[in-house]
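The values are calculated or read from the model by the stated rules, or taken from the named source; none is laboratory data. All of these numbers come straight from a predicted model, not from anything done at the bench. All Cβ positions, glycine included, derive from the backbone under ideal geometry; neighbour counts span all protein chains shown. Accessible surface is based on the protein model in full, side chains and every heavy atom, while ligands, DNA and RNA are left aside. Shrake-Rupley method; radii C 1.70, N 1.55, O 1.52, S 1.80 Å.
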Amino acid sequence: MGRIIFSYRIAYDMGFAPCIDNNIFTLACCKGGQIRNGKNIITGLRYHVGQHYYRNPVDEIYLFGIYKNGMLYYARITDVITMNEYFSTRGKSVYGDRTDQIYDAEAGILKRNDLLPHIHPKGSGQNEQDRNGHYVLVSRQFTYFGKNAPAIDTEILRMLPKNREVKRYADSCSEHEIIHSYAMGLIGSFQGVIGAPHDSLYD
């Protein structure tokens, strides 16, 4: 069994991506990919984590979320499902009423529910970028600090993403154990949601 860490910077912390409703962590929107010159570029975090999860089912996968040089959250991914599963009627019954459930899965097609409040950019381009992620990442073992996010030590920051890119650290990487030990040292044990988001969900 191996272990891998994915780390990235979060531009907005609204309790939407990731969503932390009902003390369950989900990343269902954003971090899907890009569209360049009209072509889908499958570069997003959700897609790559999902692929690793299914190709390496015994590996432990962790996400390290950074917000303004603070550790917003550390999560062990406990399940990965497709967006179609998550946004289906059955998926909504399993996970309950959640802020990030902005799509409906109808006959295998994801459609944006425009009746919901404006909490995520709309438009065909944004919807396509979301769909490029293909997977929803789920964690029931996480600590989300929100406004209580501790500042990350300078030495650790040097190892982490500087901009909006995603970095991955396999257990063969020298930085891997340093980052994991640091994160677990800050949280002690997974405690779920222990702070409110930084930003307002509705303007």
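Checking the structure you have, find out if any residue of region 19-32 is assigned to a helix (DSSP H, G or I), at pLDDT below 90 and under 18 Å from Arg131 (Cβ atoms).
Going residue by residue through region 19-32, those that are assigned to a helix (DSSP H, G or I) are 21-23.
Then drop every residue that is not at pLDDT below 90, which leaves none.
No, that holds for no residue.
Count, please, the residues in region 153-170 that happen to be part of a loop (DSSP other than H, G, I, E, B) and open to solvent by 90 Å² or more (accessible area, probe 1.4 Å).
Pass one, region 153-170, residues part of a loop (DSSP other than H, G, I, E, B): 153, 158-166.
Still in the list and also open to solvent by 90 Å² or more (accessible area, probe 1.4 Å): 158, 162-164.
Matching residues across region 153-170 total 4.
Looking at the structure I just gave you, is His134 under 29 Å from Arg55 (Cα atoms), modelled with pLDDT under 95 and open to solvent by 30 Å² or more (accessible area, probe 1.4 Å)? Quick ask: steps written out before the conclusion?
Values: under 29 Å from Arg55 (Cα atoms): yes; modelled with pLDDT under 95: yes; open to solvent by 30 Å² or more (accessible area, probe 1.4 Å): yes.
Here the answer is yes, as His134 does meet what is asked.
State yes or no: is Gln126 modelled with pLDDT under 95 and in contact with a Leu (Cβ under 9 Å, 6 or more places away or on another chain)? First the steps, then the outcome.
On the way: modelled with pLDDT under 95: yes; in contact with a Leu (Cβ under 9 Å, 6 or more places away or on another chain): no.
Considered against the rule, which asks whether it is modelled with pLDDT under 95 and in contact with a Leu (Cβ under 9 Å, 6 or more places away or on another chain), Gln126 comes out as no.
If you take just the strands (runs of 3 or more DSSP E) that sit entirely in region 55-115, which of them hold at least 3 residues that are of a type outside the set (Asp, Glu)?
Working: elements: 60-67, 70-76, 79-82, 103-106, 109-112.
Correct list: 60-67, 70-76, 79-82, 109-112.
Which is within 25 Å of Gly2 (Cα to Cα), in contact with a Phe, Trp or Tyr (Cβ under 9 Å, 6 or more places away or on another chain) and at pLDDT 95 or above, of Leu186, Leu157? Even if it seems obvious, please write down each step before you answer.
Values: Leu157 fails: in contact with a Phe, Trp or Tyr (Cβ under 9 Å, 6 or more places away or on another chain).
Result: Leu186 is the single residue among Leu186, Leu157 that is within 25 Å of Gly2 (Cα to Cα), in contact with a Phe, Trp or Tyr (Cβ under 9 Å, 6 or more places away or on another chain) and at pLDDT 95 or above.
Looking only at residues in region 69-112 that are free of Cβ contacts under 8 Å to residues at least 24 places away in the same chain and exposed (fewer than 14 other Cβ atoms within 10 Å of the Cβ), which one is nearest to the chain's Cα centre (by Cα)?
Checking each candidate, the answer is Val94.
Which numbered condition in (1) of a type in the set (Ser, Thr, Tyr); (2) in contact with a Leu (Cβ under 9 Å, 6 or more places away or on another chain); (3) at pLDDT 95 or above; (4) more than 18 Å from Ile187 (Cβ to Cβ) is the only one that Tyr74 fails?
(4)
Within region 1-14, restricting attention to residues that are assigned to a loop (DSSP other than H, G, I, E, B) and more than 11 Å from the chain's Cα centre (by Cα), which residue is modelled with the lowest pLDDT? Don't jump to the end; show me each part of the working.
Restricting attention to region 1-14, the residues satisfying the condition of being assigned to a loop (DSSP other than H, G, I, E, B) are 1-2, 10-14.
Applying the additional criterion that residues be more than 11 Å from the chain's Cα centre (by Cα) yields 1-2, 11-14.
Working: Met1: 80, Gly2: 93, Ala11: 90, Tyr12: 90, Asp13: 94, Met14: 90.
So the residue we want is Met1.
Just give me the residues in region 179-202 being at positive phi and assigned to a helix (DSSP H, G or I), in sequence order.
Kept after step one, since they are at positive phi, are these residues of region 179-202: 188, 192.
Result: no residue meets the conditions.
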